[in-house]
Amino acid sequence: VVRLILLNKEVGLFYHNNLVELLKEEKNDVKDYILQRKFDSKTINKFGIGYATGKEPLYDYLLEKGFTKEQMLASGIILENSSQRMYDRYYQRVIFPIFDIRDRIIGFGGRALPKNLQDKRIPKYVNSPENDIYHKGRTLYLMNFAKREKLDNIIIVEGCVDAIALQKFGFLNAVASLGTALTENQARLIKKYTR
């Protein structure tokens, strides 16, 4: 579990640094999407938004950091194809790290860029699979931020981008259910921090 949390932290940094570098360029599809969503640098930094470039850079980076192939596969971030090549589940996606209540990255949501969605086989969103640290039905996206506000209520939306947009405009109690119907565990989590 500890290695998985450390691995996710490294992955989050890797994706975030990719995005920061891409935003320095004059023009590219990633920058167009970020500008279209009106994500400023404060928002990008606060929520750790990133970008997954190609299929292989992340695998090489994690190997350099001392993670094993088994640990990477257990995370669900790195996958293995039929010819035993390792690749990044989220390649060519804008990345939204999913935090637990203690601010640790436990998963990721990846959104395809608009130009890639012209291929109907590409799903708009790809989310982390369940593993030892990430359980979708027990997690609310941005609850780690919302709980700090100690407000009487929580605004629940479906997706990461919606929750970020609300938070950005001052609704600091906005969270997302990560595409699931509200679960009993999520309701318990809300009850723990708000009425």
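So here's what we get for this one:
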| read-out | value |
| --- | --- |
| Helix 2-24 axis, angle to the chain major axis (alpha carbon atoms, nearest 10°) | 80 degrees |
| Reachable lysines from Lys27, criterion Cα separation under 28 angstrom, eight or more residues apart if same chain | Lys38, Lys42, Lys46, Lys55, Lys115, Lys120, Lys124, Lys168 |
| Label zone at Gln36 (point 7 Å along Cα-to-Cβ), backbone N below 15 Å, the stretch 93-114 | 93-95, 111-114 |
| Unit charges on C-beta of K, R, D, E only; dipole of the chain, Debye | 560 debye |
| Carbon/sulfur fraction of accessible area - the stretch 127-186, other protein chains in place, 1.4 Å, % | 50 percent |
| FRET efficiency, 1/(1 + (r/R0)^6) with R0 30 Å, evaluated for Lys192 and Ser83 via beta carbons | 0.05 |
| Theoretical gain in end-to-end length, Lys120 to Val2 [0.36 nm per residue, Cα-Cα removed] | 38.7 nm |
| Sulfur and carbon atoms: percent of accessible area, the stretch 52-110 [1.4 Å] | 45 percent |
| Cα-based Rg of the chain normalised by 2.2 N^0.38 Å, two decimals | 1.02 |
| Where the chain is the region considered: accessible area per residue in Å², 1.4 Å probe | 54 Å² |
| Those GluC sites (Glu not before Pro) in the stretch 1-67 that DSSP places in a loop and that have at most 11 other beta carbons within 10 Å | Glu25, Glu26 |
| Those chymotrypsin sites (Phe, Trp or Tyr not before Pro) in the stretch 154-195 that DSSP places in a loop and that have at most 13 other beta carbons within 10 Å | Phe169 |
| Note, ³J(HN,Hα) from phi for the stretch 112-125, Karplus 6.51, -1.76, 1.60, rounded to Hz, x at Gly and Pro | 5, 6, x, 5, 6, 7, 5, 7, 5, 7, 8, x, 5, 10 |
| Relative contact order (percent, whole number), the chain, Cα cutoff 8 Å, 6+ residue spacing | 17 percent |
| Pairwise centroid distance, computed over Cα atoms, of the stretch 13-32 with the stretch 89-141, Å | 18 Å |
| Sequence of Arg121, Arg93, Arg3 from largest to smallest accessible area, 1.4 Å probe | Arg121, Arg3, Arg93 |
| For Val157, distant residues with modelled amide H under 5 Å away | Val175, Ala176, Ser177 |
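The values are calculated or read from the model by the stated rules, or taken from the named source; none is laboratory data. As the structure is a prediction and not an experimental result, all values here were calculated from the model. Neighbour counts run over all protein chains shown; Cβ positions are idealised from the backbone, glycine included. The protein model used for the area step is the full one, side chains on, heavy atoms only, and it has no ligands, DNA or RNA in it. Shrake-Rupley method; radii C 1.70, N 1.55, O 1.52, S 1.80 Å.
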